[in-house]
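Following: one structure in C-alpha cells, then a few remarks.
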There are 2 protein chains.
Amino acid sequence: MIIDGVLKEGDPLPSVRNVAVEYRVNPLTVLKGYQQLVDEGLVESKRGLGMFINAGTRNLLLKGERQRFLGEEWPRIYETIQRLGLTPEELLDGAPRRAPTNSASSKTAKSNAPDSDSEKER
Amino acid sequence: MIIDGVLKEGDPLPSVRNVAVEYRVNPLTVLKGYQQLVDEGLVESKRGLGMFINAGTRNLLLKGERQRFLGEEWPRIYETIQRLGLTPEELLDGAPRRAPTNSASSKTAKSNAPDSDSEKER
DNA sequence: AGCACTGTTATACTTAACTATAACACTATA
DNA sequence: TATAGTGTTATAGTTAAGTATAACAGTGCT
C-alpha cells in the first residue's frame, strides 16, 4: 500500500486492532509485523496515536524490494519458467490487464502521481 | 529432476535415507514428501526396492506445474513486477544464461531429447 | 472526568512441521 | 543364510508461529 501510494508518507498505518479484525488474525501478529517496519526505520510508532510512515519510506521500500526481488526471487522464477518451457505469450495471457489497448491512460486520475520527488534513482 | 529428464520414467527416486543424509534432514520428512507423489499416482512404492517413477509422470507433472504456475504464482509475480516498475531489460539481465548467443544449441547432446511422446498437448 | 481510540506487555495455550531413535518389513545378492 | 540395501511404522520431543485473554499505557475529544 505504501509503494502503491495508497498510504502516503506521514499517514498512519491502519490500526493494529482494525487489521486484526479485518484479516481475522491476532492483534499480536499484526503488531509483530508492524514492529518489523519500525525496526527497519520505515515507520514510527506513537503510543496512543498510531504508527506513522516516515519520510523517504516509499523510496527505501521501492529500492529494497526491487533488489530483493531481482536478487532472490526472480532467478528462481526465471528458472521455473525455463523448466516449464513457458513462452512469453503464455505469460502475458494470464496477466492482469492495466488498460485494454490504451494510449494515454488517465481518467480515474487526479492526484494520480504519487511521486512527488524521485522515482528514477537506482 | 523428473521434469528436467534427469530422472526418467521407470527410474527409482534417490532413496529416502540418501536424500535425508544429503540434505541434512529427517528420513521421515523425505518419506512424507515422496508419499505425496505416490498419492498423486506419479510414483510407485516397492518396499525393499525403492520408489519408481510411473509412465506418463513427466507429462503429468509438466501439465500440472504449468497450470499451477500460470494460475497461482504468475499472477502475483506479475503484479509485483508492475508494482516495482521493473522493465523487461532489468528482468532479463539478472537471468541465468542458457547459451551465449547461439543459433542451434546441441552439443552436450545425445539422448538430449527427453520427450519420447507428447510435449505439445496442453 | 469519561470515553474511545491508539500502541504495548504478559501469560499460557494450540498447532503444524520437523526431529530423534528405534524397530519392523521386504528384496536382491554374495 | 547373512548382509546391505530398500520402504514403513511407532513414540516422543522440539520448535516457530500464531492464538486467546487480559491488562497496561498514552492521546484526543466531548
query = So, in the stretch B:1-15, of the ones that are free of Cβ contacts under 8 Å to residues at least 24 places away in the same chain and closer than 19 Å to B:LEU31 by Cα, which residue ends up surrounded by the most Cβ atoms within 10 Å (Cβ to Cβ)?
reply = B:PRO14
inquiry  = I'd like the residue in the stretch A:54-64 that is aliphatic (A, V, I, L, M) and open to solvent by less than 40 Å² (accessible area, probe 1.4 Å) and, out of all such residues, is nearest to DNA strand C (Cβ to nearest atom).
reply    = A:LEU61
Test set (1) more than 14 Å from chain A (Cβ to nearest Cβ); (2) within 15 Å of DNA strand D (Cβ to nearest atom) - B:LYS8 fails condition number = (2)
note = Residues of the stretch A:5-16 being of a type in the set (A, V, I, L, M) and near DNA strand C (Cβ under 8 Å from one of its atoms), in sequence order, are A:LEU13, A:VAL16
remark   = A careful count of residues in the stretch B:46-70 that are more than 14 Å from every other protein chain (Cβ to nearest Cβ) and charged (D, E, K, R) gives 2
remark   = Scanning the stretch A:42-89 residue by residue, those in a strand (DSSP E or B) and not β-branched (Val, Ile, Thr) turn out to be A:GLU44, A:SER45, A:LYS46, A:GLY50, A:MET51, A:PHE52
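Determine if the stretch A:30-44 includes at least one residue that is among the charged types (D, E, K, R), out of contact with any Phe, Trp or Tyr (no Cβ under 8 Å at 6 or more places or on another chain) and over 13 Å from A:LEU61 (Cβ atoms). Write out each step before concluding.
Applying the first criterion (among the charged types (D, E, K, R)) to the stretch A:30-44 yields A:32, A:39-40, A:44.
Of the ones still in play, those that are also out of contact with any Phe, Trp or Tyr (no Cβ under 8 Å at 6 or more places or on another chain) are A:32, A:39-40.
With the extra rule that they be over 13 Å from A:LEU61 (Cβ atoms), the set shrinks to A:32, A:39.
Looking through the stretch A:30-44, at least one residue is among the charged types (D, E, K, R), out of contact with any Phe, Trp or Tyr (no Cβ under 8 Å at 6 or more places or on another chain) and over 13 Å from A:LEU61 (Cβ atoms).
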query = Failed condition for B:MET51, given (1) surrounded by fewer than 16 Cβ atoms within 10 Å (Cβ to Cβ); (2) in contact with a Leu (Cβ under 8 Å, 6 or more places away or on another chain), with all others met?
reply = (1)
Selected residue (criterion: nearest to the chain's Cα centre (by Cα)) from residues of the stretch A:30-45 that are open to solvent by 40 Å² or more (accessible area, probe 1.4 Å) and either within 12 Å of DNA strand D (Cβ to nearest atom) or within 14 Å of another protein chain (Cβ to nearest Cβ) (or both) = A:GLN36
ask   = What about B:ASN26, is it surrounded by 13 or more Cβ atoms within 10 Å (Cβ to Cβ) and of a type outside the set (Asp, Glu)?
value = no
inquiry  = So B:VAL19 passes all but one of these: (1) away from DNA strand C (no atom under 14 Å from the Cβ); (2) open to solvent by less than 50 Å² (accessible area, probe 1.4 Å). Which condition number does it fail?
reply    = (1)
query = Are any of the residues in the stretch A:46-65 among the β-branched types (Val, Ile, Thr), over 15 Å from the mean Cα position of the chain (by Cα) and closer than 23 Å to B:GLU79 by Cβ?
reply = no
remark   = Matching residues in the stretch A:71-92 (open to solvent by 40 Å² or more (accessible area, probe 1.4 Å) and among the hydrophobic types (A, V, I, L, M, F, W, C)) number 1
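The values are calculated or read from the model by the stated rules, or taken from the named source; none is laboratory data. Since the model is a prediction, treat every value here as computed from it, not as a measurement. Quick reminder, even Gly has a Cβ in these numbers, built from the backbone with ideal geometry, and neighbours come from all protein chains shown. Accessible surface is based on the protein model in full, side chains and every heavy atom, while ligands, DNA and RNA are left aside. Shrake-Rupley method; radii C 1.70, N 1.55, O 1.52, S 1.80 Å.
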